[in-house]
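Peer 1: Take this structure first; my questions come after.
The values are calculated or read from the model by the stated rules, or taken from the named source; none is laboratory data. Nothing here was measured: the structure is a model prediction, and the numbers come from that model. Quick reminder, even Gly has a Cβ in these numbers, built from the backbone with ideal geometry, and neighbours come from all protein chains shown.
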Amino acid sequence: MPNRPGTAPTSRRDQVTVTAASTKTPDTPPPPPPATISFEGKFGKNPLEGAGFGAMCRRLPSVLAHTARKAWAVDRAGSVLLLVCQVLTGVAAAVVLASTARAMTHVLGGGTVSERLHGAVPALIMVTLAAGAGRVCSLLSSYADGRITPLLTTEADVALVSAVLRVESSAYGRDGFADQQEAAEIGVTRTRLMVQDAQRFMSALIRMIAAGGVVTALHPLMLPVLLLAVLPAGVGAVLSARVDYRTHFLNLGDRNVRAMMRSWATHSRFGDEIRANGMTGYQIYWYQALSDRIDRRTLEAAPQMLRIQSSTSALGGFFLMCTWATLAGLAVTGRIALPVAATAVVAVQTALAALSQVVINGAALFHTSLYLADMRAFLDLARERAPKRGELTIPERIDEIRIEEAVYHYPGKEDPAVAGVSLTLRRGEILAVVGANGSGKSTLTRLITGIVLADKGRVLWDGVDLADADPDCVWSRTSLVPQNFACWPLRARENITLGQPRTQDDEPVWDAVDAVGMREEIERLPRRLDTLLARELFGGAELSGGQWQRLVCGRALYRQTPLMILDEPTSQMDARGEHAIFTQIKRLAPRCVTIVVTHQLENTRLADRILVMDKGRVVEQGTYDDLVGAGGQFADLVALAKDR
Ligand SMILES: Nc1ncnc2c1ncn2[C@@H]1O[C@H](COP(=O)(O)OP(=O)(O)OP(=O)(O)O)[C@@H](O)[C@H]1O
């Protein structure tokens with residue numbers, strides 16, 4: 001039984017971790033179980049819903065064609081090799097069977113034993129050669145698969161990462177986007193099975209056609225009986241694939257949130273927060289509880305699988321008996337000669353093995369195709385969500401940024417984060433934005449940089465509406481120090497240039513390092529600018545929180561763009577660091593539009609204008625002295641800051 005919020009967890013493991021996590025008083029409530037997340041029916045559609053056996057079989061040709069197209073695109077020589085080997089494997093199988101029939105005719109025919117064996121030798125040599133050739137072809141097929149599959153997997157992986165990086169930022173907030181991304185991630189890992197499944201299916205199909213041809217040539221009644229014998233196994237494999245995929249579909253949401261939590265919980269950066277807040281027990285309990293829930297769904301599917309497999313195996317066994325009985329009947333009633341009957345036994349065995357492989361690999365291919373369909377659906381979604389803006393370019397120098405009645409709603413939110421802001425910013429001006437948490441300061445900066453586009457109103461850079469401008473061009477003209485910045489596991493140099501060097505030498509990089517007072521620290525690193533800034537990686541080094549923040553400000557100074565936005569840029573810095581940053585902001589100000597979002601009201605003194613925001617609106621604006629004198633919200637905040 002799943003635990004409901006507010007009820008005590010019931011499993012033995014839950015009880016152990018609950019005790020470990022909360023032993024303060026008998027009244028302490030138990031930790032709540034992880035929230036239930038349902039992917040199905042809400043944001044995604046299970047492609048198996050309503051799909052019958054026939055629909056699944058009809059899907060196979062398109063999956064094979066898709067696989068062939070993809071393989072051809074990444075490795076033509078490998079694809080040709082694979083195809084040739086497949087055909088040769090089938091030819092070899094047919095030659096083996098035909099030669100076996102000829103050998104049998106001699107072995108079971110008239111004459112002395114020596115004469116009969118002698119007569120059979122050429123056919124037996126043919127059997128050996130054809131079997132050897134078949135084996136070599138099969139090895140070469142595996143080699144071709146080994147060449148194609150890594151390329152296909154990488155291609156799918158890169159396509160997914162690029163698609164996510166290229167969507168409009170607002171897409172991340174859309175319901176179901178993260179779940180569909182998780183489903184697509186599984187599609188990427190399944191890509192490695194795509195060629196293997198297709199190759200095995202095709203090779204079994206070709207062997208089956210060869211063996212089926214020989215069996216039919218021996219007696220036309222044998223083929224339908226044979227088909228009946230393997231059909232139940234095919235139905236069983238497809239039904240099992242459906243059950244398995246359904247379980248996967250139900251678990252998608254939970255697996256997504258578990259993966260997110262896992263990466264946070266096990267990242268060394270957050271280790272202190274977890275330990276010093278006594279969260280270790282809860283983290284383990286939470287992870288275990290969510291894993292148990294996922295396992296429970298998986299286990300629920302096991303009896304269904306057993307039922308499907310046992311009933312289809314029993315039916316298959318019954319039909320197989322019928323096959324052998326038919327063969328025996330044909331031989332006993334003299335409708336086929338004894339050597340033919342003996343050949344038929346070998347042919348039936350081969351055809352049966354090939355048929356089973358066809359249905360099993362066909363079901364596997366179908367199964368893989370479900371995951372690949374998820375991946376394709378996500379790539380389509382990402383394509384739909386890619387920026388569809390104009391292609392206007394922005395000049396390297398900007399004199400004016402104008403915001404006209406801009407309104408922005410986050411998806412799913414009732415109230416706008418920015419509710420009709422109009423503003424004009426000029427080159428050389430420093431604007432400070434202040435206001436309560438959640439008043440819309442960061443969202444306003446996102447609108448100004450065009451990271452999100454206004455739902456209503458416009459943002460114009462020197463008269464160019466950002467909705468009509470090429471976003472890459474806009475973002476090549478911006479530098480942003482975000483509130484929550486990433487500490488990239490890259491070398492110190494790339495952490496400043498972000499992989500976009502301005503010159504061949506390091507001079508501008510060192511200038512940025514000097515500007516934020518980090519030279520001494522970088523020179524002390526084992527490989528100076530070449531040091532990898534990731535303590536977890538061998539040879540890597542780590543910076544303190546404030547040093548990271550200085551480096552991130554160094555990035556913005558390095559870029560030298562006509563718009564510079566700093567969102568709480570000095571929140572972790574010591575006084576010297578803060579002083580260095582604001583000195584640099586003032587130095588660079590004449591060349592650009594500068595926006596500083598801050599809660600440190602003293603820092604707003606350097607601004608030419610201060611904007612006070614409340615509930616998405618600008619409620620006051622002016623210089624520091626004007627606003628303090630006006631006795632409004634800003635003056636209240638300044639008074640509060642001094643009242644310690
Ligand atoms: N990615 C997001 N998705 C949905 N809502 C968001 C998102 N980011 C912000 N919001 C909401 O938009 C509103 C404005 O947030 P914003 O981050 O702009 O405020 P802020 O003034 O910068 O706050 P703070 O001082 O805490 O940084 C808030 O109500 C917030 O909950």
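Peer 1: What's the total number of residues in segment 258-294 that are of a type in the set (D, E) and surrounded by 12 or more Cβ atoms within 10 Å (Cβ to Cβ)?
Peer 2: Here the count works out to 1.
Peer 1: Turning to a different aspect of this structure: Do you know which residues across segment 304-321 are surrounded by fewer than 15 Cβ atoms within 10 Å (Cβ to Cβ) and closer than 27 Å to S99 by Cα?
Peer 2: Result: M321, single match.
Peer 1: When you scan segment 564-580, how many residues do you find that are over 13 Å from F485 (Cβ atoms) and exposed (fewer than 15 other Cβ atoms within 10 Å of the Cβ)?
Peer 2: 4
Peer 1: Whether any residue in segment 396-403 is part of a strand (DSSP E or B), free of Cβ contacts under 8 Å to residues at least 60 places away in the same chain and within 16 Å of the ligand (Cβ to nearest atom) is what I want to check.
Peer 2: Yes; the residues of segment 396-403 include at least one that is part of a strand (DSSP E or B), free of Cβ contacts under 8 Å to residues at least 60 places away in the same chain and within 16 Å of the ligand (Cβ to nearest atom).
Peer 1: Residues of segment 472-492 being more than 16 Å from the ligand (Cβ to nearest atom), touching a residue at least 24 places away in the same chain (Cβ under 8 Å) and surrounded by fewer than 19 Cβ atoms within 10 Å (Cβ to Cβ), which ones?
Peer 2: Passing the criteria: C473, W475, S476, C487, W488, P489, L490.
Peer 1: Can I ask one more? Hey, could you check segment 597-629 for residues that are within 39 Å of the chain's Cα centre (by Cα) and surrounded by fewer than 20 Cβ atoms within 10 Å (Cβ to Cβ) and say which is farthest from the ligand (Cβ to nearest atom)?
Peer 2: Step by step, filter segment 597-629, then rank; the result is R617.
Peer 1: To continue, here is another question. Do any strands (runs of 3 or more DSSP E) entirely within segment 423-502 hold 2 or more residues that are closer than 28 Å to D636 by Cα, and if so, which?
Peer 2: Passing ranges, in order: 430-435.
Peer 1: Residues in segment 404-420 that are in a strand (DSSP E or B) and within 16 Å of the ligand (Cβ to nearest atom): how many?
Peer 2: Residues that pass the stated criteria total 6.
Peer 1: Considering each of Q357, Q349 in turn, give the residue that is free of Cβ contacts under 8 Å to residues at least 24 places away in the same chain, more than 30 Å from C592 (Cβ to Cβ) and more than 16 Å from the ligand (Cβ to nearest atom).
Peer 2: Q349
Peer 1: So is L533 within 16 Å of the ligand (Cβ to nearest atom) and of a type outside the set (V, I, T) or not?
Peer 2: No.
Peer 1: Name the residue, out of D608, D614, D626, that is without any contact (Cβ under 8 Å) to a residue 12 or more places away in the chain and not aliphatic (A, V, I, L, M).
Peer 2: One residue alone meets the criteria, D626.
Peer 1: Which one is nearest to K70 (Cα to Cα) among residues in segment 182-211 that are among the polar types (S, T, N, Q) and either buried (at least 20 other Cβ atoms within 10 Å of the Cβ) or touching an Asp or Glu at 6+ places or on another chain (Cβ under 8 Å) (or both)?
Peer 2: T191
Peer 1: Among (1) crowded, with 16+ Cβ neighbours inside 10 Å; (2) out of contact with any strand residue (DSSP E or B) (no Cβ under 8 Å at 6 or more places or on another chain); (3) of a type in the set (D, E), which single condition is D179 missing?
Peer 2: (2)
Peer 1: With T561, T594, T583 as the choices, which residue is more than 16 Å from the ligand (Cβ to nearest atom), more than 30 Å from S263 (Cα to Cα) and part of a loop (DSSP other than H, G, I, E, B)?
Peer 2: None of the others qualify; the one that does is T561.
Peer 1: Out of curiosity, is E521 touching a residue at least 12 places away in the same chain (Cβ under 8 Å), away from the ligand (no atom under 16 Å from the Cβ) and not small (G, A, S)?
Peer 2: In short, yes.
Peer 1: Would you confirm whether any residue within segment 420-432 is out of contact with any Asp or Glu (no Cβ under 7 Å at 6 or more places or on another chain) and more than 21 Å from Y624 (Cβ to Cβ)?
Peer 2: Within segment 420-432 (the criterion being out of contact with any Asp or Glu (no Cβ under 7 Å at 6 or more places or on another chain) and more than 21 Å from Y624 (Cβ to Cβ)), the answer is no, since none of the residues qualifies.
Peer 1: So which of V164, V158 ends up being part of a helix (DSSP H, G or I), modelled with pLDDT of 90 or more and within 16 Å of the ligand (Cβ to nearest atom)?
Peer 2: V164
Peer 1: In addition: So for segment 121-143 (the condition being more than 29 Å from A210 (Cα to Cα) and either in the same structural domain as V345 (by TED's automatic domain parsing) or without any contact (Cβ under 8 Å) to a residue 40 or more places away in the chain (or both)), does at least one residue qualify?
Peer 2: No: zero hits.
Peer 1: Is it true that some residue in segment 574-586 is closer than 30 Å to D514 by Cβ, assigned by TED's automatic domain parsing to the domain that holds R477 and touching a Phe, Trp or Tyr at 6+ places or on another chain (Cβ under 9 Å)?
Peer 2: The answer is no; no qualifying residue exists.
Peer 1: What number of residues within segment 421-456 satisfy the criterion of being more than 14 Å from the ligand (Cβ to nearest atom) and surrounded by fewer than 17 Cβ atoms within 10 Å (Cβ to Cβ)?
Peer 2: Total meeting the criteria: 5.
Peer 1: Here's something else I'd like to know. Looking at segment 245-265, is at least one residue acidic (D, E) and within 19 Å of the chain's Cα centre (by Cα)?
Peer 2: Yes, because at least one residue in segment 245-265 is acidic (D, E) and within 19 Å of the chain's Cα centre (by Cα).
Peer 1: Hey, any hits in segment 533-553 for a residue that's closer than 15 Å to L498 by Cα, crowded, with 20+ Cβ neighbours inside 10 Å, modelled with pLDDT under 90 and of a type in the set (A, V, I, L, M, F, W, C)?
Peer 2: Scanning segment 533-553, I find at least one residue that is closer than 15 Å to L498 by Cα, crowded, with 20+ Cβ neighbours inside 10 Å, modelled with pLDDT under 90 and of a type in the set (A, V, I, L, M, F, W, C), so the answer is yes.
Peer 1: Something else now. Among the residues that make up segment 119-131, is at least one of them surrounded by 18 or more Cβ atoms within 10 Å (Cβ to Cβ), part of a helix (DSSP H, G or I) and under 48 Å from the mean Cα position of the chain (by Cα)?
Peer 2: The answer is yes; a qualifying residue exists.
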